[in-house]
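All of the numbers you see were taken from the coordinates with simple rules; none came from a lab. Because the structure is a prediction, the values reported are computed rather than measured. Note that each Cβ is placed from the backbone with ideal geometry, even for glycine, and that neighbours are counted across all protein chains shown.
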């Protein structure tokens with residue numbers, strides 16, 4: 001098959017690796033991590049724009065390197081080429097290799113911050129993209145400059161209070177981490193925030209199936225031309241609508 | 001009255017010290033605590049909500065206005081209780097089980113209090129039974145649930161089920177919100193209302209308790 005993959009850049013290394021091993025020819029396009037900060041509807045609109053630029057008759061399917069991602073994939077419509085989306089809430093599920101494993105881990109480990117290669121090295125220094133985002137990356141000095149000493153410190157406290165609410169940083173390793181820099185960075189971030197640190201073995205099987213053209217219904221939803229993807233509000237995460 | 005105009009401005013501009021001082025001054029001049037809430041805090045917070053809706057105010061500005069509002073309420077709240085004034089409604093609010101995100105929820109809680117509600121804030125990662133227990137114990141007539149992740153949204157459904165199981169579903173109205181939540185989802189789980197922002201949450205809350 002000839003396949004087009006549109007993926008979040010957070011999965012860059014994992015997707016490149018999976019595509020390199022695929023029997024199929026896969027054209028890759030990565031979109032910025034910052035889309036996630038725009039909110040569901042604007043993110044879906046941006047992804048739709050990308051889908052709509054794909055020429056007709058070239059690809060057997062358009063693969064989406066995403067999960068539902070806070071409804072960022074909700075409403076995405078297949079034009080002339082079918083869309084294939086993993087039944088995942090988000091990329092953390094994809095990196096863990098299954099819906100069930102993610103749900104179990106998530107439920108058993110409240111207050112966990114997740115990191116992977118992409119979450120560590122991609123999308124740094126993003127500008128606040130919309131008034132809906134919190135600007136969590138604003139440094140203290142910038143807040144003081146804008147709002148004064150007292151209010152600046154207060155806002156910094158509010159924006160960073162999550163650090164005391166989270167208990168753990170879990171670093172998902174898929175075996176693609178060259179050298180020790182990712183592990184070291186994740187461990188340092190955990191230490192800096194006073195969180196415990198866990199190394200979790202990820203599983204690329206789900207991503208590999210996506211680009212290998214193996215799309216069992218339990219793991220993937222397929223939107224044929226004219227159909228749209230939608231949040232299903234159940235264990236299957238996403239569904240298609242006519 | 002200059003103090004009350006100053007109070008309104010301080011709330012809108014997010015100046016908590018001026019808000020507190022103006023509140024004290026107004027009380028000293030004999031303005032009733034309830035008047036301060038209904039005639040000044042409520043319209044000021046409505047204005048802040050409007051500024052957010054039309055994208056003049058962002059989350060930081062909202063947080064600062066909420067801070068100023070809280071400073072004013074710190075002073076007024078005990079006096080309201082002492083005077084026997086009834087709140088517009090009693091709302092139990094929290095972020096559902098599994099979800100730690102609370103900034104949006106905190107904003108809604110502040111807006112509701114500025115809007116004349118008695119607010120029982122349970123924090124984040126709140127189990128269904130904590131919601132039902134608090135609602136029963138505090139005689140709440142409104143419950144507000146927040147979630148920021150699609151993976152924790154199912155907890156909204158289990159929380160509503162818990163109210164039904166506890167025989168409390170008829171006693172409260174339940175509203176839901178948070179970035180991935182939709183009207184469709186609210187309908188699917190049997191919630192009484194959904195709002196997509198802190199500003200419109202107060203209007204919805206008022207409508208639900210009046211019904």
Between residue B:164 and residue B:203, what FRET efficiency follows from the Cβ-Cβ distance if R0 is 25 Å, with the result rounded to 0.05? 0.40
Between 0 and 90°, nearest 10: helix B:42-53 axis offset from chain B longest Cα axis: 60
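Given R₀ = 51 Å, FRET efficiency for residue A:188-residue B:79 by Cβ-Cβ distance, to 0.05? Don't skip to the answer; put the middle values down first.
Values: r = 50 Å, r/R0 = 0.98.
Working from the Cβ atoms, E equals 0.55.
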Hey, can you rank A:80-92, B:43-55 by average C-beta count inside 10 Å, highest first? A:80-92, B:43-55
Mind computing the radius of gyration and Dmax over the alpha-carbon atoms of chain A? Å is fine for both. 18.9, 60
Along each principal axis of its Cα atoms, how long is the stretch B:161-211 end to end? Whole angstroms, biggest number first, please. 31, 25, 13
For chain B, set up a Gaussian network in which alpha carbons nearer than 10 Å are linked by springs, and say which option among B:58, B:117, B:163 fluctuates the most. B:58
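For n ≥ 4 DSSP H runs only, could you compute -39500 (n - 2.57) per run for the protein assembly as shown, divide by its residues and tell me the 222 nm figure to the nearest 500? Display every interim value, and only then the final one.
Values: 20 runs with 207 residues, N = 453.
Calculated from helices alone, the mean residue ellipticity at 222 nm is -13500 deg cm²/dmol.
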Tell me whether chain B comes out rounded, prolate or oblate; compute the Cα gyration tensor, take square roots of the eigenvalues as a ≥ b ≥ c, and use a/c under 1.5 as the rounded threshold. prolate
How would you order A:50-56, A:231-237 from highest to lowest mean count of nearby Cβ atoms within 10 Å? A:231-237, A:50-56
Report the Cα-based extents of the protein assembly as shown along its three principal axes, largest first, to the nearest Å. 81, 49, 40
Where does helix B:103-114 land angle-wise versus the long Cα axis of chain B, in degrees 0 to 90, nearest 10? 50
Can you tell me the Rg and Dmax of the stretch B:58-119, counting just the alpha carbons, in angstroms? 12.8, 39
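Ranking B:73, B:156 by Cβ neighbours within 10 Å, fewest first, what do you get? Don't skip to the answer; put the middle values down first.
Values: B:73 21, B:156 28.
In order of increasing Cβ crowding within 10 Å: B:73, B:156.
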Can you say what percent of the DSSP beta bridges in the protein assembly as shown, counting only those with both residues inside, are antiparallel? Round to 5. 20
Calculate, axis by axis, the spread of Cα positions in the stretch B:90-210 along the three principal axes, and write the results as whole Å, longest axis first. 30, 29, 24
With axes computed from alpha carbons, what is the tilt in degrees of helix B:198-210 against the longest principal axis of chain B, rounded to the nearest 10 within 0 to 90? 80
Under 8 Å for C-alpha pairs, at least 6 residues apart: give me the relative contact order for the stretch B:2-82, rounded to a whole percent. 44
Distance between the stretch A:45-116 and the stretch B:150-197 - C-alpha centres, whole angstrom: 25
So the FRET efficiency between residue B:56 and residue A:199, C-beta based with R0 = 35 Å and rounded to 0.05, is 0.15
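Could you work out how much longer the chain between residue A:23 and residue A:140 gets when fully extended? Use 0.36 nm per residue separation minus the Cα distance between them, nm to one decimal. Write out the running numbers ahead of the final one.
Values: separation 117, 0.36 × 117 = 42.12 nm, distance 4.98 nm.
Contour length minus the Cα-Cα distance gives 37.1 nm.
Using Cα-Cα distances under 8 Å and only pairs 6 or more residues apart, what relative contact order does the stretch B:90-210 have, in percent? Provide the component values of the computation, followed by the final result.
Working: 235 pairs, mean separation 33.9, N = 121.
Once divided by the residue count of the stretch B:90-210, the mean separation gives 28 percent.
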log10 of Debye I(q)/I(0), alpha-carbon scatterers only, for the stretch B:2-82 at 0.16 Å⁻¹: -0.51
GNM of chain A, Cα pairs under 10 angstrom: of A:140, A:38, A:207, the biggest fluctuation goes to A:140
What percent do you get for the relative contact order of chain A when only Cα pairs under 8 Å and 6+ apart count? 26
